[in-house]
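Here's the structure we're looking at; comments come further down.
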Amino acid sequence: MNNYTAPTSPVSIVQQLVNAGAVNTYSATDLLIVDGGGNDGADLVGAYLRVPSDGGAAYAGLLQTVLPPATVQAALAQARRALRASAAPT
C-alpha cells in the first residue's frame, strides 16, 4: 500500500490519493475504492477479519503505514465506544 522507497513517486498509491484529494472533495460518508494490487487488498481484508481475534492490532498496524498513528488510534477508540454503546442493554 505504501511505497517506502519512493513515497512521493507518481506511481505510489499513497501519492495518487494525495493528488486526488487535492483536486476532489471527499466526505466521511464516501466510499473510496482503490486498486492497489491483490496482495495489498488481501493484507487489508485479512487484517480486518482478524479484528475479533487480535483486537484490531494487525488492522491498526496496516492502517498506520499510510495514516498517522494518532489518527488511527482515535478512530479505533471511537469505533470501540460505538460498539460498546450499541451492545449496552436498553
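Taken over segment 38-74, the criterion of being touching a residue at least 12 places away in the same chain (Cβ under 8 Å) and more than 10 Å from the chain's Cα centre (by Cα) is satisfied by Asp40, Asp43, Gly46, Ala47, Gly56, Ala58, Gln73. Filtered by the rule that a residue be at pLDDT 80 or above and assigned to a helix (DSSP H, G or I), segment 31-49 gives Ala42, Asp43, Leu44, Val45, Gly46, Ala47, Tyr48, Leu49. Ala28: outside any loop (DSSP other than H, G, I, E, B) and either surrounded by 11 or more Cβ atoms within 10 Å (Cβ to Cβ) or at pLDDT 80 or above (or both), yes or no? So Ala28 fails the test.
The values are calculated or read from the model by the stated rules, or taken from the named source; none is laboratory data. Computed from a prediction, not measured in an experiment: that's the story for all the values here. Note that each Cβ is placed from the backbone with ideal geometry, even for glycine, and that neighbours are counted across all protein chains shown.
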